1. Specify the inter-centroid distance of segment B:342-362 and segment A:71-100, based on alpha-carbon positions, in whole Å.
2. At 25 °C and 0.890 mPa s, grab the translational diffusion coefficient of chain A from Stokes-Einstein with a Kirkwood Rh over Cα pairs, rounded to a whole number in µm² per second.
3. Residues of segment B:53-70 with backbone nitrogen within less than 18 Å of a virtual label 7 Å along the Cα-to-Cβ line of residue B:324, please, listed as ranges.
4. With only Lys, Arg, Asp and Glu charged, each at its Cβ (+1 for the first two, -1 for the last two), find how big the charge dipole of segment B:13-81 is about the Cα centre; round to the nearest 20 debye.
5. Among the listed pairs B:82/B:216; A:83/B:155; B:88/B:319; B:88/B:162; B:88/B:216, give every one whose C-alpha distance is greater than 21 Å.
6. Given H placed 1.01 Å from N in the peptide plane, which residues other than close sequence neighbours of residue B:136 have an amide H under 5 Å from its amide H?
7. For residue B:224 and residue B:111, what does the FRET efficiency come to when R0 = 30 Å and r is the distance between their Cβ atoms, rounded to the nearest 0.05?
8. Treating the beta-carbon of each Lys and Arg as +1 and of each Asp and Glu as -1, no other charges, what is the dipole magnitude of chain A about its Cα centre, to the nearest 20 debye?
Amino acid sequence: MSADAERGQTQQPIRCLIAKVGLDGHDRGAHVIARAFRDAGFEVVYSGLHRAPEEIVQAAVQEDVDVLGISILSGAHNTLVPKVIEGLEEYNAFADTLLIVGGIIPEEDREGLREMGVAAIFGPGTPMQETIDFVREHAPQRD
Amino acid sequence: MEGTDADRRDTATRPEDVDPETAARNERLVESLLAGEHRALARVITRIENQAPGHRDLVARLHPHTGEAAIVGITGSPGAGKSTLVDKLAEAYRRRGDTVGVVAVDPSSPYSGGSVLGDRIRMASTVGDMDVFFRSMSARGRLGGLATATTDAVKALDAFGKDVVVVETVGAGQSEVDIVRTADTVAVLVQPGSGDDVQMLKAGILEIGDVFVVNKADMDGVERTVAELKEMIHRRDAAGDATERRPPSEIGHHGVAGSAGADADADTQNDASDDDTDDVWEPPVVETVATTGDGIDELIDAFDAHADYLCDSGKRETKARARYADEIRRLMRSDANELLDEELRRHGGVDALAKRVYERETDPYAVAASIVGPLRDCVEARRERDEPRTSE
Ligand code: B12
Ligand SMILES: Nc1nc2c(ncn2[C@@H]2O[C@H](COP(=O)(O)OP(=O)(O)OP(=O)(O)O)[C@@H](O)[C@H]2O)c(=O)[nH]1
Ligand SMILES: [Mg+2]
């Protein structure tokens, strides 16, 4: 709340990249999230479907986003997410980007993703406000 | 070149009072940007967009390194295919070895101020190629400020060393028109068929086009749209701004009637290369299918021809200078306004003053004079101190 008010004053909306990676063609959830984030006042860059991990990294770096949200329903999260993280690290961009994942992620894979550096995982049924509040609270505060 | 240029600059007046910490950070950022670091370029654009503390100092540091890039503006109604075209343009420029920067502007929601920036979805032809730097930008509800943010972002890409910088905007509204004016070459996109697009051109967009593109040339109604466009361009050139455009005496050059449809090729290959039309530019109409890339080479030829025309006619410099003149005025006015607003607040705010005027305690002239008067005195005193009796 207070972080958001501060950003408002200095003309700094939270910038997010919502990314679809790999062969996964399920894009409803990504659209829902993109619109909800827009309505929360965020600036959302949407990657479009079928992006390679390096494209996601390129977009995150060029767009200088505070938040990278990856949407995966294909089951390929355990191979794709580490690739994105590696790429971000190459650009020194991992440390000050909030990385979140949404979609169909089985319970047994979640701990592993968190250990890699995923801040949070939002599956189906997560109340939207909870997701938005999380992003507001954890979006990196840059100087 | 960089060093000497920077040294020659008049640095007696800093653009902004920045604390040493900010100055040091700006220096580091610019150094990294000039060294080719993408993160630094991205961060510089963010600071420009956010009007973060010290952003003016930042842009001032970039200025000596700008002026090399060819800047192309792409505008046209929503869905005309601008982003798809930008993607294919970037690919074609890369094929010939040019590095590319893109700034794509999308509107923001009037309700939340947020936005979904979708132009990037169409970037598919230059996958993973970091020599294409694509940046999405939200209009953020600003009108006047948008032109400044976009122009300054273009400067960052220019300083970074991009050979070509493409700016995509939605072709509606005055601020959009301002943005494309930061470009050397402006392309206006229309779709065939509807007729609405051509109608829209009457509302001011026609004047800013250097090249007209009928995109979606795979759809019905292309010939008609091309013909309508050509006729409007001729009429535009016949009327008004004869200094900038083709003089009325030359209108018959291609034949008014003939140009309405038949000589598509002559117009696409445009007149700038002909010796007899050196100092006039008749905007060509180019047909493209952005989805397949058809017509992209012709479009780039048209952009190149326009760039050559600008150089040969000396207009590149004239245009750039006019742009800087605009920029100086815009900055000055916005600063002066800020100073006035501050003074207004110090005098109790405009509402309180208006109330006193309403109650006949004072009048608007007196109020304005009481606020501006002291400022004028300061300026005059300063003038006298700095340049004692040189006038008269
Ligand atoms: C609709 C659907 C389809 C549609 C997709 C249409 C489209 N354009 O999106 C179609 C019919 C095309 C389809 C095809 C396939 N599907 Co399908 N599909 C579904 C289904 C029924 C619903 C998905 C959906 O749209 N939900 C609604 C949206 C709003 O929810 P959501 O995407 O989960 O998003 C929410 C959250 O996850 C989260 N979220 C999502 N992304 C993000 C991102 C961020 C940053 C954040 C913060 C949050 C977040 O927020 C959203 C809102 O709460 C699911 C089953 C299910 N119940 O989930 C299967 C499902 C996803 N499909 C599945 C499969 C296997 C397929 C197919 C391979 C073939 C098949 N067997 O049907 C193909 C593959 C297509 C492809 N190329 O990828 C499996 C995946 C299994 C797995 N991961 O292990 C599922 C789980 C069904 C199942 N139980 O087997 N599918
Ligand atoms: N048939 C056909 N469709 C095209 C062509 N160019 C673009 N499109 C389609 O038109 C739609 C809009 O294209 P965009 O490139 O997003 O258009 P835009 O002008 O950037 O749109 P905004 O940024 O939203 O104003 C997409 O579905 C494209 O695939 C073309 O030459 N022919
Ligand atoms: Mg677009």
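1. 57
2. 163
3. Those under the cut-off are B:57-70.
4. Details: 8 positive and 10 negative charges, 32 e Å.
Dipole magnitude for segment B:13-81 comes out near 160 debye.
5. Numbers: B:82/B:216 11 Å; A:83/B:155 33 Å; B:88/B:319 27 Å; B:88/B:162 17 Å; B:88/B:216 13 Å.
Too far apart for the 21 Å limit: A:83/B:155; B:88/B:319.
6. Placed amide hydrogens put B:104 under 5 Å from residue B:136.
7. Once the sixth-power term is evaluated, E becomes 0.15.
8. Details: 12 positive and 24 negative charges, 92 e Å.
The calculation lands at about 440 debye.
The values are calculated or read from the model by the stated rules, or taken from the named source; none is laboratory data. Remember, it's a predicted structure, so these values are computed and weren't measured experimentally. Quick reminder, even Gly has a Cβ in these numbers, built from the backbone with ideal geometry, and neighbours come from all protein chains shown. Quick note on the areas: whole protein, heavy atoms, side chains included, nothing else; ligands and nucleic acids left out. Shrake-Rupley method; radii C 1.70, N 1.55, O 1.52, S 1.80 Å.
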